[in-house]
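Notes follow the structure.
What follows is calculated from the coordinates using simple rules that are stated; it is not laboratory data. Just so you know, these numbers come straight off a predicted model, no measurement behind them. Backbone-built Cβ (ideal geometry, glycine too); neighbour counts: all protein chains shown.
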Amino acid sequence: MRGLMQQDPLILTRFLDRATKLYPNQRIATKTPTGVHRETYEELGDRVGRLASALRGIGVEPGDRVGSFAWNTWRHLEVYFAVPCMGSVLHTLNIRLHPEQVAWIANHAEDRVIVVDDSLLPAFAKVLPHLSTVERIIVMGDGDRAPLGEWAERALDHESLLAEASADFGWPDLDENEACAMCYTSGTTGHPKGVVYSHRSMVLHSYALNMPENFGLTSREVILPVVPMFHANAWGTPFGATLAGATQVYAGQFSADPASLADLVETERVTIAAGVPTVWIGVLQHLDANPRDFSSLHTLICGGSAVPVSLIDAFEKNYGVNVVQAWGMTETGPLGSMSRLLPALEDLPERERLRVRGKQGRIVAGVRFRLLDDDGQEIPWDGKSMGELQVKGNWVAATYYNDERSSDSFVDGWLRTGDVAVADEHGYLQLVDRTKDLVKSGGEWISSVELESALMGHPAVLEAAVIGVPHEKWAERPLACVVVKPGAETTKEDLIAFLAEQFPKWWLPDDVAFLEAIPKTSVGKFDKKVLREDFKTHRLPAG
């Protein structure tokens, strides 16, 4: 017997319509070089309609890919809705990748149009010579077009297009399984891989994102997504926030500036913010030296890499902010798990509560997971047995776009994440490492993630990354790469003694390298492949 319920397509157009009609006066704020730009959801709807009309007017058809090379701004949010709602495919390009890699991604996706922020034109100009499918460039802002060279005269002006276009666009009734957006993985090995999201997957992901156990977005919240809009759809926050009618705040080109982020939290009364740990480490350091009013902020969503327990502890004790660790991937929509305490765990001693919150958390509703050993057998949830994390669900990729490597990453409908994890009796996942980042010493695995988190709990340490370096006897041994806080002092012996209180002797790093900065990837994660290359000939102390 089949159910007798109506079926309305799960498409992003419904989000836009709901937000503009039910929350017309809610605001979208963006920090710019000249101040804070503000527009309402009603104005957003008008401009999205105009942008869709303009894009159709220059020949953009359903299924065409429209790239964006842009910061987190109100204009980028307009692109986020205009492109998929008109039936085309939004393709966010990572502005921090090498120009030839950006071009490879745009060519592989077959982008026809790219929308570019004017302040990024010098960087985009280096991409232009390598593009083969792009026919049009739209420039957002009034900056100098000179970097575009021969394209300067051909580039279209975003605001002029909107001024001349009609806001009354006839939104098509789309198939929910049609593509709405594309995003490419960070590409740590080989070319990046393309993930194609459907309207259905994005809508379901937004519903899940807004659940109280997850991001919990409502119309009462003011959210600041610091995670870039070019990285995994800013974790889905622009869509989830619009669905909820939440106030949205964007840092524009100032997303890497702790002072600007602190200013936005204070002046815009931000209640929820989201970004990678390195961002919040910088903000915390700024706040310690420059006290600000953070009383509005109740939650920091932190992910992208393991969150140091010391960061969770410091924000809670010093500013009353709950740091919630999340895990996900470009391939998982991206939300996969959230680390909120179960009621049964609320009464644990403080140290134990922090230990649980330092895990990647419980898998979210709508996604399933399993941990497999080397023989393909599921391992128990005992908090110590390690296995490869595999996931499947309503917003998890089924394959990569036009990529022969897909068979290596998908098995029997499950995505092989490349993460090694353990699960405890409550279902809390803890990522032990990426498979490529585990240190294998004398046939035994050492988790670089756990060592890093512990090191960043030392009062003198700002950042820490641990890598494996060659060793004649043990094959590999851990090397700790450490950045010391300004004005602080520590030594190799002090740090290893600090770790010795928490780990077995054979886990302890053989050496410590003190650096001015740890290299970062384009999305703010520690770039261990650079460290491994830099230290591939490093000689460890004898012993």
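Before moving on, here are some points about what is shown:
- Exposure proxy order (Cβ contacts within 10 Å, fewest to most) of LYS21, LYS193, LYS525: LYS21, LYS525, LYS193
- Taking the helices alone, the chain has a mean residue ellipticity at 222 nm of -8000 deg cm²/dmol, built from -39,500 (n - 2.57) per DSSP H run of at least 4 residues and averaged over all its residues.
- Here's how it looks for LYS525: its modeled amide H is under 5 Å from none belonging to a residue 5 or more places away or on a different chain.
- Cα gyration tensor shape of the stretch 188-280, rounded if a/c is under 1.5, else prolate or oblate by comparing a/b with b/c: oblate
- Residues with amide H under 5 Å from that of TRP414, placed H, sequence gap 5 or more: none
- Overall form of the chain per C-alpha gyration tensor (a/c, 1.5; a/b vs b/c): prolate
- Where labels lie 7 Å past Cα in the beta-carbon direction, separation of LEU22 and LYS317 in nm: 4.2 nm
- Of the trypsin sites (Lys or Arg not before Pro) found in the stretch 346-390, the ones in coil according to DSSP and having at most 12 other Cβ atoms within 10 Å of their Cβ are LYS384.
- Distance from the stretch 328-364 to the stretch 209-288 (C-alpha centre basis), Å: 19 Å
- Summing charges over all other residues whose Cβ lies under 10 Å from the Cβ of VAL482, with Lys and Arg as +1 and Asp and Glu as -1, gives -1.
- For the stretch 266-281, Karplus couplings with θ = phi - 60° (6.51, -1.76, 1.60), whole Hz, Gly/Pro x: 6, 7, 8, 6, 5, 10, 9, 10, 9, x, 7, x, 4, 5, 6, 4
- Global form of the stretch 437-534, assessed from the alpha-carbon gyration tensor, a/c cut-off 1.5: oblate
- Packing around the peptides 111-118, 308-315, 374-381, taken as the average count of other Cβ atoms within 10 Å per residue, puts them in this order, highest first: 111-118, 308-315, 374-381.
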